[in-house]
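The values are calculated or read from the model by the stated rules, or taken from the named source; none is laboratory data. Keep in mind it's a predicted model, so treat the numbers as computed, not measured. Counting neighbours? That spans all protein chains shown, and the Cβs are built from the backbone with ideal geometry, glycine included.
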Amino acid sequence: MTPETVIEISHVWKIFGARADVALQAIRDRGLTKAEVLSEFNSVVGVADVSLDVKRGEIFCIMGLSGSGKSTLVRHFNRLLEPTDGKIMIEGTDVMALDPRSLQKFRNEKIGMVFQNFALMPHRSVLDNVAMPLEIRKVPKNERLRQAAAILDIVELGAWGAKFAHELSGGMQQRVGLARALAANPDVLLMDEPFSALDPLIRRQLQDEFIRLSKILKKTTIFITHDLDEAVRIGDRIAIMRDGKMVQVGTAEDIVMHPADDYVADFVAGISRLKVVHAHAVMQPIDAYVSAYGTIAADARRVNASETLSTLINLAIDDENPIIVQDQGADVGVITRADLLRTVIEGTEVS
Amino acid sequence: MVSIDSVEAFFNWAVLNGEALFDAITYVIRIVLDALEVVFVSTPWIVIASIIILLTWLTAGVRMAIYSSAFLAYMGLLGFWEKAMTTLALLGTAACLSILIGIPLGMFAARRPRFYAFIQPIMDFMQTMPAFVFMIPVIAFFGTGKPAAVVTTMIFGGTPVVRLTVLGLRGVPESVREAAISFGANKWYLLTKVDLPLASPSIRAGINQTIMLSLAMVVVASLIGAKGLGEDVLEALQYANVGQGILAGFSILFCAMILDRIVQGGRR
């Protein structure tokens with residue numbers, strides 16, 4: 001475990017049902033499928049042999065459709081669910097080894113969680129809701145309300161502290177949910193489809209706000225979503241889950257350019273590549289270009305390897321000459337208008 | 001008949017062997033009953049009346065306070081005051097004990113489906129079995145008098161508070177509980193800061209129902225020696241005295257309404 005790694009889980013299994021252990025053994029011995037496990041043991045496989053690690057400050061998106069086990073998986077990080085098997089290390093703590101009391105302390109101090117349906121307490125004011133983690137920590141009342149008010153200001157709800165949660169709109173409620181998760185100043189944020197219940201415009205707004213906040217706070221975040229667009233916008237790395245299994249892990253660009261299988265490819269088809277794909281993924285080697293078309297003009301435009309596809313297209317509109325890609329001062333590749341067009345059409349659903 | 005004999009044999013055995021238990025129950029009932037009788041019967045009427053009116057005012061507003069003073073005046077002027085207070089002490093005891101037992105029982109049963117499945121038929125039995133049927137063994141166990149009347153009332157009126165406590169606690173959104181747990185809440189915090197506040201409307205309704213059902217038992221309870229308003233109704237029944245029966249009946253209704261508004265009022 002490198003010092004950079006904050007969360008490391010390995011070979012986590014979760015099987016729901018009375019005979020989970022037997023079912024797991026059978027899967028290992030005989031390689032049963034999810035359907036076979038259901039019919040034979042009346043058990044549901046929620047998470048199947050998932051391993052991943054998350055670095056400090058990283059936003060790690062777990063993406064999958066409903067029933068893919070993503071929400072189940074995230075509930076293992078703070079042991080809201082007990083894994084059937086596997087190991088979970090967070091900040092060097094073996095979460096599985098904690099006794100109930102230490103687990104409560106661990107949850108309170110290390111982990112903040114945001115829920116899809118907000119899960120605010122309707123009988124309490126917004127301020128009291130935000131102060132809840134501190135109340136559980138037994139921070140004196142005045143102090144915790146002061147801290148909660150400061151956090152509310154960060155999510156721009158400072159004026160709403162005295163209202164009850166249900167008096168706020170959905171988007172505001174989720175900002176309260178986020179403030180509550182931040183109030184305890186945890187090391188890790190778990191966000192379980194936080195924006196899924198909101199309408200598209202508000203969702204976009206909250207995504208932007210979250211991106212802005214996470215740049216300031218630099219919290220290690222596990223972000224669950226069923227929306228690949230959202231994952232691409234927010235995540236540093238994305239993991240795609242299907243039927244409880246991890247299908248692919250990588251950056252947005254990895255996943256868009258090199259989907260691991262047809263399932264992922266299907267997802268990726270709808271994603272606009274313009275902001276996701278960068279110059280180094282589009283370019284062809286200089287040698288290959290030179291042997292096919294001859295030398296490149298010395299005054300050709302040069303771009304950095306990390307320029308996005310949309311910038312490149314804008315450059316290519318004005319001038320059809322090839323563009324040279326640079327990485328740390330050295331010329332590493334070349335991009336023609338044809339390369340750009342090919343990249344765009346490959347990633348677009350034509351039918 | 002063999003079956004009748006065996007049931008009787010069982011109850012005889014219970015009477016003989018359960019004496020200590022029944023004495024203990026009687027003792028507890030006596031303590032509460034005596035305390036409430038001091039409050040209601042021995043305190044001068046003006047004090048009690050003022051407190052009741054003040055309480056209704058605080059919980060249900062001015063209008064209800066005016067109504068309740070009219071109700072109290074009705075009882076006072078028609079000579080039902082003392083009997084009404086005796087009734088309140090008796091049924092108050094039954095309701096208090098029902099609530100004191102019922103809410104913790106409901107809290108215990110709410111997250112234990114098998115235990116609840118076990119007590120549910122017992123509660124059905126308590127609520128539907130005609131009072132006259134279980135009065136017979138109750139008299140055998142407790143003799144006639146006020147403790148027996150309290151027990152009978154509790155058997156009939158004690159179940160709604162359990163049921164509605166369970167209902168209320170089960171209605172607490174799982175997501176809110178999960179959120180509290182995810183922030184490190186322990187069981188005590190979960191119970192006192194999440195479950196009970198969120199279930200409280202339902203629990204209040206349960207308390208209210210228990211009080212109402214207890215009052216409905218007032219006439220039956222007077223059959224086994226509880227004094228009070230029920231006695232008047234019973235007497236009117238025996239002599240076919242329509243006027244007395246109706247007047248006493250209204251007193252019972254007014255007691256119920258005042259209590260109901262005091263308990264319900266806080267809900268708004």
Would you say residue B:144 is part of a helix (DSSP H, G or I), more than 10 Å from every other protein chain (Cβ to nearest Cβ) and of a type in the set (Ser, Thr, Tyr)? no
Okay, strands (runs of 3 or more DSSP E) sitting entirely in the stretch A:1-74 with 1 or more residues that are free of Cβ contacts under 8 Å to residues at least 60 places away in the same chain, I get A:5-16, A:44-55
Q) Is there a residue in the stretch A:282-290 that is surrounded by fewer than 20 Cβ atoms within 10 Å (Cβ to Cβ), among the hydroxyl-bearing types (Ser, Thr, Tyr) and not in a strand (DSSP E or B)? A) no
**OP:** Can you confirm whether the stretch A:141-149 contains a residue that is in the same structural domain as residue A:70 (by TED's automatic domain parsing), without any contact (Cβ under 8 Å) to a residue 12 or more places away in the chain and more than 15 Å from residue A:184 (Cβ to Cβ)?
**Re:** yes
Query raised in the report: When you look at residue B:225, is it in contact (Cβ under 8 Å) with a residue 40 or more places away in the chain, within 24 Å of the chain's Cα centre (by Cα) and outside any helix (DSSP H, G or I), yes or no?
Result: yes
(1) buried (at least 21 other Cβ atoms within 10 Å of the Cβ); (2) on the phi < 0 side of the Ramachandran plot; (3) within 14 Å of another protein chain (Cβ to nearest Cβ) all hold for residue A:164 apart from (1)
Note on the stretch A:63-110: residues touching a Phe, Trp or Tyr at 6+ places or on another chain (Cβ under 8 Å) and under 15 Å from residue A:6 (Cβ atoms) are A:78, A:88, A:90, A:93, A:95
Considering the stretch A:173-189, residues that are within 11 Å of chain B (Cβ to nearest Cβ) and aliphatic (A, V, I, L, M), and then whichever is nearest to residue B:179 (Cα to Cα), we arrive at A:181
Residue set B:144, B:86, B:128, B:93; condition touching a Lys or Arg at 6+ places or on another chain (Cβ under 6 Å) and at pLDDT below 90; output residue B:86
Filtering the stretch A:146-156 for residues that are surrounded by fewer than 22 Cβ atoms within 10 Å (Cβ to Cβ) and outside any helix (DSSP H, G or I) leaves a count of 1
Practice task
State yes or no: is residue B:84 in contact with a Cys (Cβ under 9 Å, 6 or more places away or on another chain) and touching a residue at least 12 places away in the same chain (Cβ under 8 Å)?
Solution key: yes
Right, residue A:231: closer than 26 Å to residue A:269 by Cα, outside any helix (DSSP H, G or I) and in contact (Cβ under 8 Å) with a residue 60 or more places away in the chain or not?
no
Scanning the stretch A:250-266 for residues that are part of a helix (DSSP H, G or I) and touching a residue at least 12 places away in the same chain (Cβ under 8 Å), the one nearest to residue A:343 (Cα to Cα) turns out to be A:257
The condition of being buried (at least 23 other Cβ atoms within 10 Å of the Cβ), in contact with a Phe, Trp or Tyr (Cβ under 8 Å, 6 or more places away or on another chain), away from every other protein chain (no Cβ under 14 Å) and more than 30 Å from residue A:111 (Cα to Cα) holds, among B:152, B:159, only for B:152
Filtering the stretch B:183-192 down to residues that are in a helix (DSSP H, G or I) and facing chain A (nearest Cβ under 8 Å) yields B:189
Note to self: It is to be established whether one or more residues within the stretch B:209-217 are modelled with pLDDT of 85 or more and closer than 26 Å to residue A:122 by Cα.
What the structure shows: yes
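Rundown of residues vs (1) buried (at least 20 other Cβ atoms within 10 Å of the Cβ); (2) within 18 Å of the chain's Cα centre (by Cα); (3) at pLDDT 90 or above; (4) assigned to a strand (DSSP E or B), yes/no style:
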{"site": "A:172", "(1), (2), (3), (4)": "yes, no, yes, no"}
{"site": "A:176", "(1), (2), (3), (4)": "yes, no, yes, no"}
{"site": "A:181", "(1), (2), (3), (4)": "yes, yes, yes, no"}
{"site": "A:210", "(1), (2), (3), (4)": "yes, yes, yes, no"}
{"site": "A:268", "(1), (2), (3), (4)": "yes, yes, no, no"}
(1) of a type outside the set (A, V, I, L, M, F, W, C); (2) free of Cβ contacts under 8 Å to residues at least 12 places away in the same chain; (3) farther than 20 Å from residue B:228 by Cβ all hold for residue B:43 apart from (3)
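Listed here are the residues, each with its yes/no results for (1) touching a residue at least 24 places away in the same chain (Cβ under 8 Å); (2) out of contact with any strand residue (DSSP E or B) (no Cβ under 9 Å at 6 or more places or on another chain).
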position	(1), (2)
A:197	yes, yes
A:209	yes, yes
A:212	no, yes
A:225	yes, no
A:236	yes, no
A:240	yes, no
A:244	yes, no
Would you confirm whether or not the stretch A:189-206 contains a residue that is small (Gly, Ala, Ser), modelled with pLDDT under 90, assigned by TED's automatic domain parsing to the domain that holds residue A:227 and surrounded by 17 or more Cβ atoms within 10 Å (Cβ to Cβ)?
no
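Conditions (1) in contact with a Cys (Cβ under 6 Å, 6 or more places away or on another chain); (2) surrounded by fewer than 19 Cβ atoms within 10 Å (Cβ to Cβ); (3) within 30 Å of residue A:176 (Cα to Cα), marked per residue:
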{"site": "B:137", "(1), (2), (3)": "no, yes, no"}
{"site": "B:169", "(1), (2), (3)": "no, no, yes"}
{"site": "B:199", "(1), (2), (3)": "no, no, yes"}
{"site": "B:214", "(1), (2), (3)": "no, no, no"}
{"site": "B:225", "(1), (2), (3)": "no, yes, no"}
